[in-house]
Each structure stands twice: as C-alpha cells, then as structure tokens.
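Read the structure below first, then the notes.
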Amino acid sequence: MKKITIFSLFAVLIFSLQSCIVSKHPNMGFFDNPYYDYKDAKFVSINVPMFLAKPIVKKALREDGESEELINLIKKVADVKVMVVSNGNEEMIGDFAKYLTKNNFEEWMTIKKENEIIKFQAKQNGEEIRNLLITVASGKDLVYVDVKGKFTADNISKIINYSEKNDLKKIVSK
C-alpha cells in the first residue's frame, strides 16, 4: 500500500510539472500557425508553473523590502508564458502586431531604452485587464511575456513603477 501511495504522489508531481516544459516550439497564439513562414526564426518557449513561481517571487520581493501591496499583486497572476524568438524578421513582427489588433489588444505604453523597445499591450474586459503582453525587441531578438490574470490599470501602473524604481537603483549603484 505504501508503494502505491508513493507511486501515486510521484505521478501527480510529474503530471503537475509538465507545465514547466521548455520547448523549441512556439507557445503563443500567432506563432503556432503551421502555415506561416517564419523564415529562419528560432523559438524557445517556457511555461511557468504558478504554484512554483508565486512563492519564489513573493519571497524575493519580501527580501527586497517591498510593500505587501506589491506582493499581493502576485496573487492576481494566473498564468505566465515566456517565448524567446531569435532571428526574427520585420514582416513577422508586423504580422504579429496586426494579430494583436485583430484580437483586441490595446497598446498601453512603449519604452525605448538604448537599443531595446519594450511594449506593454493589454486585453481588457471593461475595467478588468485579463491579459498583459510585454514585448522586448532588441534587433532580431524578441522576448514575449504573456501574463494572464485579473488586473486593473492601477495594478499595472504599480508594477511598472516598481520596475522603473529598480532600474534607477541599478544606475545609482554603478
């Protein structure tokens, strides 16, 4: 009986960790089209299991002395997907922008830093933001972070302010 219980727990653990798979295949809407010619683009996709990530992020924020308000925002995150595209091309980026517009994403903000462009795009349902897509483009390399959850504009503003505050700390400490 003890062996069956251990085997069952092991099977459940393996099944739950399957969402933490790193893959060379795209894991986001537009990029999973088998008929689109991505030319020489290479993909690396990561599905982040939230039951593992949330405690780690909360602990790191507490160690940095962040407010409980910011830490509570982490509870609102339901799913995170990260995809890295190497050797992307302008046509693909333009087609992806059209895809986002067609799927009701609104561009919230664009930040230009040195040779990088960071875009925040959101899909809203009334006042509630259900999907936040963060795009970082640096030459032909792209990083997409797809965050699903239930946020407000104020929540997103706090996260962006936290990010900018940490960038300022890095500049001052150099």
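The values are calculated or read from the model by the stated rules, or taken from the named source; none is laboratory data. Keep in mind that this is a model prediction, so the values were computed, not measured. Reconstructed Cβ throughout: ideal geometry from the backbone, glycine too, with neighbour counts over all protein chains shown.
Only one residue in Ser23, Ser45 is within 16 Å of the chain's Cα centre (by Cα), hydroxyl-bearing (Ser, Thr, Tyr) and at pLDDT below 80, so which one is that?
Ser23
Applying the selection to the range 53-77, what residues are outside any helix (DSSP H, G or I) and without any contact (Cβ under 8 Å) to a residue 60 or more places away in the chain?
Listed by number, the residues that qualify are Asp64, Gly65, Ser67.
Could you figure out which of (1) within 14 Å of Tyr144 (Cβ to Cβ); (2) out of contact with any Lys or Arg (no Cβ under 6 Å at 6 or more places or on another chain) isn't true of Asn27?
(2)
Filter the range 60-110 for residues that are over 22 Å from Phe43 (Cα atoms), surrounded by 14 or more Cβ atoms within 10 Å (Cβ to Cβ) and β-branched (Val, Ile, Thr) and give the result.
Ile71, Ile74, Val77
Provide a single number: the residues in the range 125-142 that are under 20 Å from Ile111 (Cβ atoms) and either part of a strand (DSSP E or B) or modelled with pLDDT of 85 or more (or both).
The total comes to 11.
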